[in-house]
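> Sharing a structure, written as structure tokens. Questions coming.
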Amino acid sequence: MWKFILLILLFAGTARSQSGLIGKNEVVVNDNGILKRHIALNPLPNNNAVRFFNPDNSSQPLNPFNITSVKWSYTEPAAIGDYCKVSGNGEYNVTGWNLNNHRVSLYRNADATPVWEFPTNPNGFLNFVSISDTGSVIAAGSYHNIYLFNNTTNVPFFNYDLTRLSDTGIATSLDLTNNGQFLVCSVSRSDSSTIYGFNTSSPNPVWSKRIVPFVSVGGGGIQGMRISGNDSLVIINTYAEYFVFRTYTGQLVFRGLINPDSPGSGTQSAQGISGDGSVIATINYFGVLRVFQWNGTTYNFLWANQEPPGAFYNWYTTVDISNDGNNIAAGTLNFLSTSSYDGKIKVFRRSGSGTPVWTFSGCGDEVSAISFSKSGNILAASSWGEFNDNTEDLYIFKTFIGNTPIFRLNTPGSLFYCNTSNNGKVVVASGKAVHARQFGNGGLLYNIDVDTNDTPVSVNTVNSNIVGDYNLYQNFPNPFNPVTKIRFDILQNKGSGQEVKVIIYNALGKEVSTILNKNLGPGSYEVEFDGSDLSSGIYYYKLITADFSDTKKLILLK
């Protein structure tokens, strides 16, 4: 059997081949024409040899009243799933497959049959993907091309060919605005990268910026990119530095070091940014999470948290910030010894001092990705899991409950990425059919149906004065797509408050969502309903209290 080993230079989430570089190296073997890979780790030794081991909650039970479950799954025979994204409305998800049978696949939420698949150049390594909120625009960065598709055909309507550039480079991280009308993408090289901003209606860039890093460690390739929730800003990072640009103009707003204490311990992960871009978070292989807030002129440092080192410096490997900027979640890789590992999921408050609100330990290996729903109430985390498959690879939490997952999934291999729809009702995850650190191939893709019925919703008090009677008003707008507001009045009763429910039913009278179940005092209130995961049609909403109930019709048009 003829084999050879090749260390591959990877970009964007993957600049991993410099000799001695702290981080991950992809090692690929050609076994009789079939490529197999595993991930080798190079941590930074802790010469102080201070050890902290705290697997404090690895046996937390599931919530027995939650009915979150796998909606569908797909096992790929040869390729590996790396990046996957779900549309904001949860109706579509896109996955990039690599190693063997390189391609980009688009799926509906209903089942594992692809809507379409697009073969990509096998000379590339990763297929980077993004998708708009409605799923109408799909972006893919693959080797020497940046593509845009719609959700009906695999024929790209946009193809930016990097070979037209004098210094070609490799297509790496990219992201779309929510409406799919603007694309920010990166072209990586070993010494520098170029960032482009496009109107998706034209393959001529609106702006471009060349990034030449001040710190050469880790190279100039782009490791990650995220556009803020309101589309105003984008955070982009190399191994050692991060940059905040204005999305539509390319104006540089801020530039900083990923790890000012030790620039040689950077990161191969994307950084975090809040919905309005006012809060950012950086992570590194020194095990430090830093959080900053915009003061109108610059980003001020708020606080830091270090995952305590043991024999080696432990790593922060992934981070996300809730849309409102109030919650920060981060995942770790902990080196318990030279051959044993763990991973943690930690949730912080922006207003805190860097002490976690809660921690979930016992993930068995690297926590590879973390993803909040738009409200921050649902948090998904993917993991490599233990090498012996004794721990799970996907966890879903209701952040307001704490470190008790509502769902766990143990796969045959490792998961590399996860993503959450805006309302948290759909989580997708992709990965490898055998463990990340085991030579092998084959891929995994999961679509999870998340039970969010007891997730708190925001109730806006319109008027806290005593009202004259119970009332349920017509929702506005109506028809709507996908969000509408429902207003109601609650009358004073004998107590200080009363249980109030607002329930959505379909045209057959079947309950489809309880959007409010809360004790409220007298006054006028407004609650928002998001119908992203429902089909067009007629629905009914019902207000229920101990003394009153009323029902009205609403129309969802997509």
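> How do Arg37, Arg164 rank when sorted from fewest to most other Cβ atoms within 10 Å of their own Cβ? Intermediate results must be reported in sequence, preceding the final value.
Values: Arg37 22, Arg164 8.
Ranking Arg37, Arg164 by Cβ neighbours within 10 Å, fewest first, gives Arg164, Arg37.
> Can you pull the percent of Cα pairs in the chain with separation above 35 Å?
Above the 35 Å cut-off, the chain has 35 percent of its Cα pairs.
> Then there's this: Highest first, please rank the peptides 309-315, 515-521, 152-158 by the mean number of other Cβ atoms sitting within 10 Å of their residues.
309-315, 515-521, 152-158
> For the range 459-556, what proportion of DSSP beta bridges, expressed in % and rounded to the nearest 5, is antiparallel?
Bridges in the range 459-556 are about 95 percent antiparallel.
> Turning to a different aspect of this structure: Taking Rh as the Kirkwood radius computed over C-alpha pairs, what is the Stokes-Einstein D of the range 404-455 at 20 °C in a medium of viscosity 1.002 mPa s, expressed in µm² per second?
Translational diffusion coefficient: 176 µm²/s.
> With a 10 Å Cβ neighbour count serving as the proxy for reagent exposure, in which order, fewest first, do Arg210, Arg108 appear?
The fewest-first ordering by Cβ neighbours comes to Arg210, Arg108.
> Return Ile22, Ile504 ranked ascending by Cβ neighbour count within 10 Å, so the fewest neighbours appear first.
Ascending Cβ contact count within 10 Å gives the list Ile504, Ile22.
> In percent, how large is the relative contact order of the range 459-556, given Cα pairs closer than 8 Å and 6 or more residues apart? If you can, show how the numbers build up before the last one.
Working: 233 pairs, mean separation 33.7, N = 98.
Across the range 459-556, relative contact order equals 34 percent.
> Checking the table Lys425/Lys552; Lys510/Lys558; Lys36/Lys346; Lys85/Lys552; Lys24/Lys346; Lys209/Lys398 against a 30 Å threshold on Cα-Cα, which pairs fail? Let's see the in-between values first.
Values: Lys425/Lys552 25 Å; Lys510/Lys558 21 Å; Lys36/Lys346 32 Å; Lys85/Lys552 35 Å; Lys24/Lys346 22 Å; Lys209/Lys398 39 Å.
The pairs that break the limit, which is 30 Å between Cα atoms, are Lys36/Lys346; Lys85/Lys552; Lys209/Lys398.
> If packing is taken as the mean number of other Cβ atoms within 10 Å per residue, what is the order of 329-340, 351-362, 431-442, highest first?
The most tightly packed comes first, giving 431-442, 329-340, 351-362.
None of the figures in this text is laboratory data; all of them are computed from the coordinates on show. Quantities reported herein were computed from a predicted structural model and do not represent experimental measurements. Positions of Cβ are backbone-derived with ideal geometry, glycine not excepted, and every protein chain shown enters the neighbour counts.
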